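Peer 1: I have a structure here, written as structure tokens, and I will follow up with some questions on it.
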């Protein structure tokens, strides 16, 4: 038996949340709650008690929160995370002999049995507590012990034994000699609010020139900051800003040979002008960039840097660290390929190199370099083509120096790979939203993201389009389809982003039978007239304003779907825990035709009785309706509006009919 | 980074089966299969390979079984357990550069690209394998390397590079330098077949006398062995055989004061005549008992001993080890109570005693004592009122000395407690079957037992009645209800048992408004006329014969439910993996009325085409039917038979119509 303590009788099992048995932390942002549940039980019929223990990054000691029994041996407790950094939590439970005794005493007393011996047993428990206590609590517990021992007034002893005062004191000085502590300390990675609620706008800085044909610069970007901020975006993501390789540079439309003047893909990083720590000379100087980062902050926006750990054949690394690349038997460097496709302008890093540690450190220094320039958000290109262990290490290392850094994973890959990257530390991730269109597809996907363990570690960032993806429904659905997808992205997920100017102008010309842009900006200089008639600036501004003004839209896990009797109408809602903010969204998924139907709303949950009427205010169209009951009629003409974003409020009683709570 | 090996690129996650992250073993019996699945993937697009590693109790080294890719990064492999004892398994996976190369080569070659440099890359992989190989394999791999390097006949090189011969060799000598091995070794507790397939008959030995009024003896029990064995039972479970206490002995019908001649509850163990290592003198001597154990074996049955770790106030332990009991402030020993109910004839052991180690060792010596007397099956009374840690230790200790021991847990308690006892080592367990009556109740409960993780560690033993429980449906449903519940118990679960003579005689007199027997055998001497007219001997014999002759009924996890359009008709089936044995059961859950309806059978799964007819043979009534298609009509009059137990066989084609496969 060794030193096994056979007297620990409580079992703690099935603790949730708990990602891969504590292998990975769950995620929260500052101010969010962690609700912890577990199966906790002992042999026999004794009462038990349990405590949630947690501590924040600066806490030396556990903070305790008493667990409450729910049902079927399940217990729960919660805590709020208040600081950025790593929290820990675990559980402890013990057999509570005092409580068992109290319960038995009550039953015996009420059954009229003699309790004169029983009360002495209780007195011993209370005496034990007095010895664990100090000061006035110890004194009071002693007094109670003595009073009971005198066995004078059984009725009084009984009511004292079951008094709130004694319960509180006994809980405080409970006998935990044989407490069982859960075998693991589980972790919560707490990040700043933007990890959960962020609104992204993507641009190619070279296309931001104010004159057609001229290569845009960081200074040009400064000029458009105000307009983007006014639309309600808080992250401005610039495609890579580094020198672009010349060897095997791609021409327009991804052709193999670039023509003179072709600018190449910004993801073919590195030339004799520098690599991942340099800026492309045509965009400006490093200090121009630093100035842009600062100006963006003044507009309430952060610049996100594209972290693409790959090289053009001209990258300085290729000469300085040939061992970081794969060399073919003919002495040439191995470029990227997905046979039979070839990507001649890019050479991947060789992560199985013997010098992997040196390479990892260099890549970490790239991240720290840009942190030093003011960057706190990194959009990571194709993280799924670099080892998982590398990312886990890199993110941990970087966060230990700069805890507020946010990493967005651009892992357009298989689900388990995508989720693994999220588990090991990426703050947010791109998703399959881009290809989820029907009611069933959207519902199933959102349930996976919000109603399974995934919600504990995977924060979606919804993108209707990207420079690489022009999905089929945007190719054919016209302006209405862009509006519909924007509403979905912006209200289903608390983080979303658009590939900016092309989205505002609903550019939809695609390569034949592909979901790719024709004349893609990736391979050429563009000039966008953002104010072209029909542009979506006002619509986007309104949607982002609604997001900003309604806290319930600033979370994703609080999503609920509501039934509609028309498969083209998707109904869902979000609300804050105190019900002070309730949003109900109905989207017409058909970009071509008017759709109508009946929507069922769980009004009781919102505190509205079936016979009561309530006000719904469409924040998108600014129309107000009075509804009653669970089922209400909705009709949406996509050529007028793709959706309703209703704010629901209980009507004031005993006030005029047209007032309602603010 | 320390010594982290950054070059291990494969991730192994979500391994199943896996009970509480490897905290507990899964369970199997000799000859059963373990199917292991896991999510296995690497970064990027490289091919990977994975291996299941397992070893039995006598294996010094891992045995390897290659894993197969299923879908969505899920892989699987299996192994058969062949010996009693503890097996281990784990997984390993690696990036297979040779396979990646081979796949790319194929695509490039078929696309007409130049592969003259690529083949040299492959040659290097093959050379590497030749260095890991020895003997003729090394020679052959060298030859292939040389042949490729000559670059003479590209077509021949291509077909050699993708040949089965090379694939087999390269798999055998794969480069596992950077393989990831799963962090845990998971365990399989392998037991003998009776752990899974057993048929129990419970008796009070004192009631087995051949004359009314005389106290039965072990010799009397010998006399009934043949009859019980003939009915098809293989475990004969005797209620406790130890001396019964006299202090506070209970009278008939659980009255507080015993009258002269009252025999008391056999669970009030211990008197001046001895404790847990003694036999009740009125039953005979220890050698009588040993003889009974031996005689039972001769009839193909094992005697199960009741292990009830509790004492009467007269038990020798109370004087010898007062510290193993709770003493009240008035100096009396604490008897068992569930306030306001009191069990004055029993004192519980105090598991929080400081001398717990000494007490544990004594209790272990009790088990070993009876093992020495020939006992290999223990029915453990109320294990849920003793600490979990105790049972885990006791079962491990006992099995290390005698691996074939079987423990049946009589944990009629809350689900999580019951499952916890199963996880920590109990072979079988009593269940809630006793109170699951309707189609929905039975279906939901069986799905929990056979389609969730529970099936990996919890082996149900179904009891329609016990000396403590006469469920309501047996009180009112008459003989038919007993027959119906027997068929359910015997065909839903591979282990079942009956509280014997009362079941054979469908005794159904209960205490008013309770599910307890009136004039319970627990408190008095009984004489049962087993051959009373109408007894169920023949029916029980037939059901047990069907179980013995049909291997598919000797497992529980293989259960499937089939739709019926009548809620009183429960349809389900079991079959062996090779479909050589297929049983379909239809039970009329209404003990009072004839019920009929349409049953839907998944005939395609059984290899029968919709247009084909097939033979169904009711093994219970011995009637044969020819059915066709998925839906067939069934009708059951409970006064004739409570159920059909159909054996389904494909009809012989090209043979006479009335022959069918045996």
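Peer 1: Of all residues in the stretch A:36-59, count the ones that are within 28 Å of the chain's Cα centre (by Cα) and away from every other protein chain (no Cβ under 14 Å). Before you say what the answer is, go through the steps one by one.
Peer 2: Keep residues of the stretch A:36-59 that are within 28 Å of the chain's Cα centre (by Cα), which gives A:36-39, A:51-59.
When the remaining residues are screened for being away from every other protein chain (no Cβ under 14 Å), the result is A:36, A:51-59.
Total meeting the criteria: 10.
Peer 1: Another question about this same structure. Considering the stretch B:564-580 alone, what residues qualify as being under 20 Å from the mean Cα position of the chain (by Cα) and assigned to a loop (DSSP other than H, G, I, E, B)? Spell out how you get there, then give the answer.
Peer 2: Here is the first cut: in the stretch B:564-580, the ones under 20 Å from the mean Cα position of the chain (by Cα) are B:572-577.
Within the stretch B:564-580, B:576, B:577 qualify.
Peer 1: Have a look at A:463, A:530 and point out the one that is under 26 Å from the mean Cα position of the chain (by Cα) and either within 24 Å of residue A:639 (Cα to Cα) or touching a residue at least 12 places away in the same chain (Cβ under 8 Å) (or both).
Peer 2: On the way: A:530 fails: under 26 Å from the mean Cα position of the chain (by Cα).
Checking each option against the conditions leaves just A:463.
Peer 1: Still on this structure, please answer the following. Filter the stretch A:294-321 for residues that are out of contact with any helix residue (DSSP H, G or I) (no Cβ under 9 Å at 6 or more places or on another chain) and more than 15 Å from residue A:242 (Cβ to Cβ) and give the result. Quick ask: steps written out before the conclusion?
Peer 2: Looking only at the stretch A:294-321, we keep the residues that are out of contact with any helix residue (DSSP H, G or I) (no Cβ under 9 Å at 6 or more places or on another chain), and these are A:294, A:297, A:304, A:306, A:308, A:313-316, A:319-320.
Matches in the stretch A:294-321: A:294, A:297, A:319, A:320.
Peer 1: Okay, moving on. Just give me the residues in the stretch A:632-645 being in a strand (DSSP E or B) and more than 32 Å from the chain's Cα centre (by Cα), in sequence order. Spell out the reasoning first.
Peer 2: So the first thing to find is which residues in the stretch A:632-645 are in a strand (DSSP E or B), and the list is A:632-636, A:643-645.
Result: A:632, A:633, A:635.
Peer 1: Quick check on the stretch B:394-412: of everything there that is surrounded by 20 or more Cβ atoms within 10 Å (Cβ to Cβ) and within 11 Å of chain A (Cβ to nearest Cβ), which residue is nearest to residue B:198 (Cα to Cα)?
Peer 2: B:411
Peer 1: Which strands (runs of 3 or more DSSP E) sit wholly inside the stretch B:158-254 and have at least 1 residues that are farther than 22 Å from residue B:378 by Cβ?
Peer 2: Working: elements: B:186-191, B:198-203, B:235-238.
Filter on the stretch B:158-254 gives B:186-191.
Peer 1: Please indicate, with yes or no, whether at least one residue in the stretch B:287-310 is modelled with pLDDT of 95 or more, within 10 Å of chain A (Cβ to nearest Cβ) and under 30 Å from residue A:180 (Cβ atoms).
Peer 2: Residues of the stretch B:287-310 modelled with pLDDT of 95 or more: B:287-310.
Filter once more, so that each one left must be within 10 Å of chain A (Cβ to nearest Cβ): none.
Checked the stretch B:287-310: no residue is modelled with pLDDT of 95 or more, within 10 Å of chain A (Cβ to nearest Cβ) and under 30 Å from residue A:180 (Cβ atoms).
Peer 1: Pick from A:176, A:214, A:132: which is more than 24 Å from residue A:101 (Cβ to Cβ) and surrounded by fewer than 18 Cβ atoms within 10 Å (Cβ to Cβ)?
Peer 2: On the way: A:176 fails: more than 24 Å from residue A:101 (Cβ to Cβ); A:132 fails: more than 24 Å from residue A:101 (Cβ to Cβ).
Unique residue meeting the criteria: A:214.
A quick yes/no check of all residues on (1) over 18 Å from the mean Cα position of the chain (by Cα); (2) assigned to a loop (DSSP other than H, G, I, E, B); (3) surrounded by fewer than 24 Cβ atoms within 10 Å (Cβ to Cβ):
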| site | (1), (2), (3) |
| --- | --- |
| A:474 | yes, no, no |
| A:480 | yes, no, yes |
| A:484 | yes, no, no |
| A:498 | no, no, no |
| A:503 | yes, no, yes |
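Peer 1: Going through B:1, B:33 one at a time, which residue ends up being more than 16 Å from residue B:91 (Cα to Cα) and at pLDDT 95 or above?
Peer 2: Details: B:1 fails: at pLDDT 95 or above.
When all the criteria are applied, what remains is B:33.
Peer 1: Working only within the stretch B:322-342, note down all residues that are out of contact with any helix residue (DSSP H, G or I) (no Cβ under 7 Å at 6 or more places or on another chain), more than 12 Å from every other protein chain (Cβ to nearest Cβ) and either without any contact (Cβ under 8 Å) to a residue 12 or more places away in the chain or buried (at least 16 other Cβ atoms within 10 Å of the Cβ) (or both).
Peer 2: B:322, B:335
Peer 1: Look through the stretch B:366-389, keep the residues that are in contact (Cβ under 8 Å) with a residue 60 or more places away in the chain and within 16 Å of residue B:275 (Cβ to Cβ), and return whichever of them is farthest from the other protein chains (Cβ to nearest Cβ).
Peer 2: B:373
Peer 1: Going through A:113, A:102 one at a time, which residue ends up being within 14 Å of another protein chain (Cβ to nearest Cβ) and at pLDDT below 95? It would help to see each step written out before you state the result.
Peer 2: On the way: A:102 fails: at pLDDT below 95.
None of the others qualify; the one that does is A:113.
Peer 1: Checking residue B:447 against (1) surrounded by fewer than 18 Cβ atoms within 10 Å (Cβ to Cβ); (2) over 24 Å from residue B:83 (Cα atoms); (3) touching a strand residue (DSSP E or B) at 6+ places or on another chain (Cβ under 6 Å), which single condition isn't satisfied?
Peer 2: (3) is the only condition that residue B:447 fails.
Peer 1: If a residue has to be surrounded by 16 or more Cβ atoms within 10 Å (Cβ to Cβ), more than 9 Å from chain B (Cβ to nearest Cβ) and free of Cβ contacts under 8 Å to residues at least 60 places away in the same chain to count, how many in the stretch A:343-356 make the cut?
Peer 2: Residues meeting the conditions: 4.
Peer 1: Condition first: farther than 16 Å from residue A:595 by Cβ, surrounded by fewer than 19 Cβ atoms within 10 Å (Cβ to Cβ), in contact with a strand residue (DSSP E or B) (Cβ under 8 Å, 6 or more places away or on another chain) and modelled with pLDDT of 90 or more. Now tell me which residues in the stretch A:628-660 satisfy that.
Peer 2: A:628, A:630, A:631
Peer 1: Need the failing condition index for residue B:152 against (1) touching a residue at least 40 places away in the same chain (Cβ under 8 Å); (2) farther than 17 Å from residue B:96 by Cα; (3) more than 14 Å from every other protein chain (Cβ to nearest Cβ), just the number.
Peer 2: Only one criterion is unmet by residue B:152, namely (1).
Peer 1: When the residues of the stretch A:15-35 are narrowed to those that are within 11 Å of chain B (Cβ to nearest Cβ) and buried (at least 16 other Cβ atoms within 10 Å of the Cβ), which ends up farthest from residue A:428 (Cα to Cα)?
Peer 2: Taking the stretch A:15-35 as the starting set, the residues that turn out to be within 11 Å of chain B (Cβ to nearest Cβ) are A:15, A:18-24.
Pick out the ones that are also buried (at least 16 other Cβ atoms within 10 Å of the Cβ) and you get A:15, A:18-19, A:21-22, A:24.
On the way: A:15: 25, A:18: 19, A:19: 17, A:21: 22, A:22: 20, A:24: 15 Å.
Among them, the one singled out is A:15.
Peer 1: For residue A:74, work out the one condition from (1) away from chain B (no Cβ under 14 Å); (2) touching a strand residue (DSSP E or B) at 6+ places or on another chain (Cβ under 8 Å); (3) surrounded by 14 or more Cβ atoms within 10 Å (Cβ to Cβ) it doesn't fulfil.
Peer 2: (1)
Peer 1: So which residues in the stretch B:47-64 are farther than 28 Å from residue A:22 by Cβ and buried (at least 19 other Cβ atoms within 10 Å of the Cβ)? Give the derivation first.
Peer 2: So the first thing to find is which residues in the stretch B:47-64 are farther than 28 Å from residue A:22 by Cβ, and the list is B:47, B:49, B:56-61, B:63-64.
Of everything in the stretch B:47-64, just one residue is farther than 28 Å from residue A:22 by Cβ and buried (at least 19 other Cβ atoms within 10 Å of the Cβ), namely B:49.
Peer 1: Looking at the stretch B:85-99 only, could you name the residues that are within 19 Å of residue B:188 (Cα to Cα) and buried (at least 19 other Cβ atoms within 10 Å of the Cβ)?
Peer 2: First, the residues of the stretch B:85-99 that are within 19 Å of residue B:188 (Cα to Cα): B:85-92.
Listed by number, the residues that qualify are B:87, B:89, B:90, B:91, B:92.
Peer 1: Are any of the residues in the stretch A:590-611 assigned to a strand (DSSP E or B), exposed (fewer than 15 other Cβ atoms within 10 Å of the Cβ) and modelled with pLDDT of 90 or more? Before you say what the answer is, go through the steps one by one.
Peer 2: Step one: list which residues in the stretch A:590-611 are assigned to a strand (DSSP E or B), which gives A:595-600.
Add one more test, that the residue is exposed (fewer than 15 other Cβ atoms within 10 Å of the Cβ), and what stays is A:600.
Applying the additional criterion that residues be modelled with pLDDT of 90 or more yields A:600.
Looking through the stretch A:590-611, at least one residue is assigned to a strand (DSSP E or B), exposed (fewer than 15 other Cβ atoms within 10 Å of the Cβ) and modelled with pLDDT of 90 or more.
The values are calculated or read from the model by the stated rules, or taken from the named source; none is laboratory data. Note that the coordinates shown come from a computational prediction; the quantities given were computed from them, not determined experimentally. Counting neighbours? That spans all protein chains shown, and the Cβs are built from the backbone with ideal geometry, glycine included.
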